Structure formats: structure tokens, C-alpha cells
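The structure under discussion appears below in the form of C-alpha cells.
The values are calculated or read from the model by the stated rules, or taken from the named source; none is laboratory data. A quick note: this is a predicted structure, and the numbers were derived from the prediction, not measured. As a convention, Cβ positions derive from the backbone with ideal geometry for all residues, glycine included, and neighbour counts pool all protein chains shown. Accessible surface is based on the protein model in full, side chains and every heavy atom, while ligands, DNA and RNA are left aside. Shrake-Rupley method; radii C 1.70, N 1.55, O 1.52, S 1.80 Å.
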Amino acid sequence: MRRIWAALTTTAITAAALTGCGLGSGESRNSDSVASAAATGEVKGKVSLQTWSLKPKFTDYMQGVIDGFKKKYPGVEVEWLDQPGEGYSDKVLSQAAAGTLPDVVNLPPDFAYPLARKDVLLDVAKADPKLSDEYVAGGVEAYRYNGYQGTFGYPWYLNTDVNYWSSDLLTKNGLDPKKPPASLDELIAQARTMKEKSGGQAYLMSRKPGLGDLYNIGVKIMADDGKSFTFNTPEAAALLDKYRDAFKDGLMPNGVLTDTYAGNSKLFSSGTAAWTTGGGNFITSLATDNPTLAPKVVASPAMDTPPLYVQGLSIPKNTKNPAAAVALARWVTSPENQAAFAHLTSVFPSTKASADDPFFSKSDGTNAGDAKVIAFTSLAKAKLIQPVEVDDAMGTIVKQQFALAISGQTSSKQALDTAVEQCNKLLKG
Amino acid sequence: MTHRRWFTPWLLAGPAILWLAVFNLWPAVNTVILSFTNAKPLGGGQFTGLENYGRLLDDDQLADALLNSIVFMLVCLPLLTVLPLLLALLVQRRIPGITFFRTAFYTPVIASAVVVALIWGWVLDDRGLVNGLLQQSGLTDSPVSFLTDRWLLLFSAIALTVWKGLGYYMVIYLSALANVPHELHEAAAVDGAGPVRRFWHITLPGVRPTMVLISALISVSSLRVFSELYVLSNGQGGPGGRDMSVVMLIQMYSRGFNGHLGYASALSLLLFVITLGPMLFLMRLNRKAA
């Protein structure tokens with residue numbers, strides 16, 4: 001008897017172990033049949049929508065969008081779930097692992113990529129051939145991935161980075177806010193003036209470079225096939241050398257070595273740094289943290305290629321209601337609904353039809369209005385700078401190695417070689 | 001006469017066994033299995049044999065992390081074993097107002113590790129309280145890089161851990177001291193033994209098992225340090241990640257959609273084996289002394 005129990009237990013543990021670690025086979029639905037069902041099916045029944053941190057600020061807006069959808073398609077029922085900002089990737093991960101993703105789910109391109117790779121998401125271009133005609137190219141492109149056929153999300157709202165300068169701090173230290181630096185060399189030169197005039201009390205530069213800075217000087221971050229990193233070039237090393245020298249000369253605070261993006265904007269908000277980058281609505285949020293500083297901030301376009309930030313709506317392949325899911329994703333991202341959303345906050349629509357809306361292209365005369373127009377016009381040349389293949393661990397390794405180079409503890413070449421080697425190992429693993 | 005069926009004990013122990021199997025045994029078994037695969041959070045791993053373990057030998061960051069953990073343990077172990085005992089001896093006396101001091105020493109224990117580390121981060125920042133005092137008093141001309149220098153960051157985290165842990169171990173020592181028979185002290189005093197001699201020959205042997213327990217707890221928690229280093233270094237483990245602990249490495253490799261669960265599991269098992277070492281050593285030491 002005991003032997004039988006022992007054998008049964010062993011079998012159960014082994015079977016559970018093999019499926020638990022993902023070695024079991026999973027069920028996969030054919031993309032064509034789901035897309036066809038989405039294109040031809042009737043829009044009715046239950047459909048769920050998951051957004052990311054829109055409640056309570058945008059509850060009324062979203063409820064209005066959902067009510068409009070129900071009015072357009074009587075007989076459809078929408079269940080709206082809004083997940084908190086913190087831990088969203090973990091939430092999506094657990095839903096994807098359990099096969100319980102809602103029918104329409106808000107995923108930025110880097111969240112959608114691993115799911116697309118695992119064949120979890122629907123190729124929405126198959127279900128919706130007009131996609132490329134109606135949405136801006138950058139937004140659609142963000143949901144297409146190297147080596148994978150398809151478009152794995154409807155682009156929703158967009159944003160980019162704008163340069164923000166503290167006019168008070170610049171003027172006080174002998175710099176002209178109307179002539180902000182337009183290149184890294186100018187930035188370093190002005191940072192030197194700032195340091196000398198302020199006696200080291202204020203900084204112009206307060207962040208270390210990232211992969212975006214390498215991209216901006218023409219360094220190729222990844223090989224075309226997306227199978228290896230290639231950013232360890234002499235040009236990249238020369239850029240890190242410039243930052244290392246600037247750091248050595250005290251043009252940046254020590255904290256840049258371990259700081260995050262928020263650290264840079266925090267230093268700006270506290271009046272210690274005269275330059276930061278932020279989205280089109282940065283001045284509005286700054287008005288809460290530092291109301292005295294906010295009116296004195298001057299915005300200017302990004303020095304090089306502005307980064308493109310995209311939010312989108314994806315549809316899992318295992319949706320039980322593909323027709324309603326596609327209709328809902330289209331409805332939420334329609335020009336009218338996106339425009340209404342963008343009027344409430346400083347994000348920008350991803351639909352081509354919204355390009356002529358004067359609300360985005362004309363400033364109301366305030367510095368926040370100027371920043372919004374700069375951000376909107378920058379979107380035309382904004383690009384998704386960091387490859388979606390760069391995961392959390394790779395991002396940390398790059399930051400660590402760049403910090404090591406800037407602090408002078410290793411050569412820039414060595415740091416870049418190590419970062420590329422480690423990232424390639426992770427990419428293959 | 002009542003009959004005891006053979007399965008009665010199993011029925012009684014069943015819920016506890018099930019709990020242990022699901023929440024302790026199964027995760028441990030799964031970690032071992034995962035360590036031989038290249039599994040990702042979304043599944044699909046393949047068996048890769050000893051590849052993850054081979055990678056452990058070739059990982060410079062792991063070598064740094066192990067060194068950090070060992071330094072952390074070697075410094076924390078004596079400090080957190082001895083200082084709380086001295087503190088407990090101080091606050092053990094029944095004098096008016098002593099409760100205030102006991103509470104004050106214990107307060108850091110109940111504060112969240114993350115909150116405490118954030119506060120220490122502000123205090124040790126380039127423009128923080130400590131650097132302000134150092135520069136104002138003329139001891140330094142420029143800010144000391146407490147949070148951006150490899151060793152200073154590590155020792156800052158150690159100082160934080162010691163400060164936060166003092167009260168906790170003090171309370172454990174207080175209960176141990178209460179069990180040392182008072183008559184022994186009285187008899188020794190009558191025989192002419194002074195306070196130092198009584199400490200060495202009565203107090204110390206009396207609290208020896210507690211000391212071993214505390215040493216074991218400190219060894220384990222030092223090797224598994226995370227929050228203090230993570231928060232003080234903004235999650236980046238210092239320049240070059242040279243201030244990472246093994247747990248930080250596990251977190252770095254396992255998080256996100258593309259988490260490298262296989263390698264993270266191999267790291268977990270390595271940490272488990274390393275943690276066993278000092279515990280077995282201390283148990284052996286205690287057995288010998290007994």
C-alpha cells in the first residue's frame with residue numbers, strides 16, 4: 001500500500017513539475033480564424049476592457065466612451081477593469097500565464113512584445129486591414145516586431161520628451177534661456193559655466209546617458225535581425241568618454257551614477273538642476289510640486305531624435321468575442337474618442353485624422369501650452385528608441401556599466417563590451 | 001473499546017502536510033527543476049542541463065555579490081551579536097524611565113525597512129544631513145560619496161542594518177537575561193567576583209544558546225540582505241552593480257515578462273547552500289560548547 005502511495009505521489013510531483021516549469025505543451029489558436037471571426041462576426045455579447053491607472057482621474061471619460069460603444073452596438077456588454085499603476089506588468093504577466101487576459105488590454109509595445117513572441121496576441125492588422133491607413137506610422141510600427149509577422153496592438157495615445165529649462169537658474173548663472181544648448185558639446189560647455197558661476201551649487205546636467213543617447217549619435221543598438229546587440233562601437237565609447245570627463249570635472253552630481261529618471265526631474269523640481277526632460281504635460285505636474293518654478297520654465301524641442309512613447313490596446317488570441325473586442329479597441333482609439341481624451345490631459349492621439357486639430361498645434365500662450373505644441377510637432381519625427389528586446393535585466397546591466405564608465409572605474413570601451421556581452425547572453429538565454 | 005483506523009493520524013496531519021507541500025516543498029522542488037531549464041515566466045523552457053550552474057562560475061557580478069554578502073555577514077555578525085547584549089544589560093535594570101529607552105531602542109525595528117532606507121538615503125545623500133555637517137564643520141571640502149562609492153555604499157547599508165537590528169536582538173537578549181538565575185550573581189558577589197567577572201562567568205554562559213541563535217539569524221539575514229542595498233542604490237546596486245547582493249541578482253534576473261527564471265533559480269539554490277554553511281558551523285560550535 002505504502003509503495004503505491006509513494007509511486008502515485010512521485011508521479012504527481014513529476015507531472016506537476018514538468019507542467020509547472022512550462023515544459024508542457026499549450027493550446028494555440030489559429031490567428032487567421034480569430035481574425036476572420038473578428039472581421040465578420042456580429043458585435044454583441046460580453047467583452048472586457050483593461051486599462052492602466054485611469055481611475056479615478058479619467059473615470060467619467062472612460063465611462064462615456066464605454067456608454068457610447070454600447071449605444072452604437074446595442075446588445076453588447078462591456079466589463080471595464082482598471083489596474084493600478086504599480087505592478088501592472090506583474091498583473092498582466094499573471095493574467096497571460098493563466099490565460100485570463102481581458103478581451104481588450106492596454107499594453108505598451110514592450111509589454112506586448114513578449115506576449116506576441118509567445119503567440120498570445122492577435123495580429124490586429126489581419127482583423128482590420130485599414131489599420132495602417134488610419135493610425136500614424138510610428139504608432140503602428142511600435143507594435144511590429146523583428147522576426148514576427150503581424151501588428152500586435154492598436155496604437156492609442158502617444159507622447160514624447162521635451163527639454164525643460166529653468167530660466168531663473170540659467171539667468172542667475174550667466175546663461176541665456178533663449179539660447180539653450182542644441183548639442184552635447186554645447187550642453188557640456190554651458191554646464192561648465194553653470195558650475196563655475198554657481199560655485200558647484202547648481203547643475204545643468206543631471207543624468208547619465210542611456211541607449212537613447214547612443215541611438216542619437218547614430219550608434220546601431222541591435223543587429224537588424226534582432227538577435228544581438230551592437231552598441232559597443234568607438235563612437236559610443238567616445239560619447240561615454242565625454243560624460244566621464246564632465247563627471248570628473250564636477251559638472252554632474254554624484255547621484256547620477258545610481259540615479260533613475262525620476263532623480264533627474266526631482267533635482268529640477270527642487271531647483272538644483274536647470275535642465276530636465278519630460279512629457280508634454282510636465283509643467284502642469286510641476287505646478288503642483290513647485291508652483292514658484294513652474295511659470296519660469298522654458299520648453300524647447302529634444303536635441304536629437306525625440307523618443308516616442310506609445311500606449312496601445314491589444315487583443316489576446318484566445319478572446320471569446322473577437323468581433324466585439326476588435327470593435328471596442330477601434331472605438332476607444334477612434335479619432336473622436338482620442339481627441340476627447342487628449343483634451344483632458346497632455347497626451348496625443350495616434351490617429352491620422354487628429355493631425356489637423358488646432359488644439360494640439362496652437363499654443364494658448366502659456367509655457368505649458370508651448371510645451372504641448374513642441375511635443376505635438378516633435379511626434380512627427382519621434383521614434384521608438386530603445387528596442388523592445390531590452391528587458392529589465394538588460395536595462396539594469398546597461399545602466400550599471402555606463403555608471404562604471406562615467407565614474408572612471410573602467411574604460412568606456414570595456415564597459416560597453418561588458419554590457420553588450422551580458423545583454424547578448426540574456427538575449428540568447 | 002475504540003478502534004483507531006490507520007488513516008486517523010493522516011487525517012489530522014493532512015491539512016498541515018498539504019500546506020507544507022503546496023507552499024514549502026513544491027516551490028523548493030520547482031526551483032530545483034527550473035534551475036536546469038531556460039524557463040521564462042510565460043513558460044516554454046527547455047532542459048539545459050548544467051548550463052545555468054556553469055554560468056554561475058563565469059559571472060563577475062555574482063563574485064562581487066558573494067563578496068558583498070560575506071563582508072556584510074562578517075561585519076554584522078559581531079556587531080549585532082555583542083552590541084544588543086550590552087544594550088540589553090543597560091536597559092535590564094529596573095530604574096525609573098527605563099521603559100522609554102527600551103521603546104526608543106526598539107522603534108527602528110517596527111519601521112518599514114524600505115522607509116528607513118529611504119530616510120537614510122536622504123541623510124547620506126550628497127546634499128544630505130551628514131554631508132552638510134561634514135562640510136560645515138570643515139572636515140571635508142566636497143561631499144563624501146556615501147551612496148555612489150562601492151565600499152562606502154556597502155558600509156552605509158551595514159550601518160543601517162545594525163541600527164535597525166539592535167532593538168530586535170536586544171529584546172531577545174532581555175528575555176534570555178531574565179532566565180539567568182539571580183542567585184548565581186548574588187553568590188558570586190558574596191564570593192568577591194566583580195561585575196566583569198560575573199559577566200564572563202555567569203551572564204555569558206547563561207545567554208550562550210541565545211547568542212548562537214542570534215548569530216544564526218544574523219548570518220542568514222546578512223546573506224539574504226536586499227532592501228537596504230536596493231533602496232540606498234536606487235535598485236541599481238551601485239556603479240557597475242558592484243554593490244548587489246545575491247538576492248538583488250535573483251530579483252534582477254527573475255523580474256519582468258522576460259525573466260530568466262532558470263538562472264535565477266540556480267542563484268537561489270546557490271544562496272541556499274551558502275546559507276547552510278554558517279548555520280551548520282554555529283550549531284556545531286554550540287554542541288561543542290554544551
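Distance from the C-alpha centroid of the range B:15-63 to that of the range B:144-182: 32 Å, rounded to the whole angstrom. Estimated from the Cβ-Cβ distance and a Förster radius of 41 angstrom, the FRET efficiency linking B:N286 and B:I17 is about 0.85. Between A:K352 and B:A178, the modelled labels are 7.9 nm apart [label points 7 Å from Cα along Cα→Cβ].
Taking Cα atoms only, the orientation of helix A:2-20 departs from the longest principal axis of chain A by about 50 degrees.
For the pair the range A:342-395 / the range A:133-176, the C-alpha centres are spaced 6 Å from each other. Between chain A and chain B, the total buried accessible area stands at approximately 3600 Å², from heavy atoms with a 1.4 Å probe. For the range B:26-105, the list of trypsin sites (Lys or Arg not before Pro) that fall in a loop by DSSP and count at most 16 other C-beta atoms within 10 angstrom reads B:R93, B:R94. Excluding residues fewer than 8 places away in the same chain, name every one of the aspartates and glutamates whose C-alpha is closer than 17 Å to that of A:K72. Within reach: A:E42, A:E336.
Amide H contacts for A:E77 (H built 1.01 Å from N in the peptide plane; partners 5 or more residues away or on another chain; cut-off under 5 Å): A:G45, A:K46, A:V47. Cross-link partners for A:K44 among the aspartates and glutamates, with Cα-Cα distance under 16 Å and sequence neighbours closer than 8 places in the same chain left out: A:D67, A:E77, A:E79, A:D103. The mean number of Cβ atoms from other chains found within 10 Å of a Cβ in peptide B:226-235 is 2, as a whole number. Taking 0.36 nm per residue of separation and subtracting the Cα-Cα distance, full extension of the segment from A:D245 to A:A97 would add 48.6 nm. The mean accessible area for residues of the protein assembly as shown, using a 1.4 Å probe and ignoring ligands and nucleic acids, is 49 Å² per residue. Each other residue within a Cβ distance under 9 Å of A:N321 adds +1 if Lys or Arg and -1 if Asp or Glu, for a net charge of +2. Screening chain B for whole DSSP H helices with an alpha carbon extent of at least 18 angstrom along the helix axis and a mean Kyte-Doolittle hydropathy of at least 1.0 yields B:8-20, B:60-92, B:98-110, B:150-178, B:204-223, B:261-289.
Computed from Cα atoms, the angle from the helix A:184-198 axis to the main principal axis of chain A rounds to 60 degrees. Listed by chain and number, the lysines placed with their C-alpha closer than 25 angstrom to that of A:K381 are A:K130, A:K178, A:K179, A:K208, A:K220, A:K352, A:K362, A:K372; residues fewer than eight positions away on the same chain are left out.
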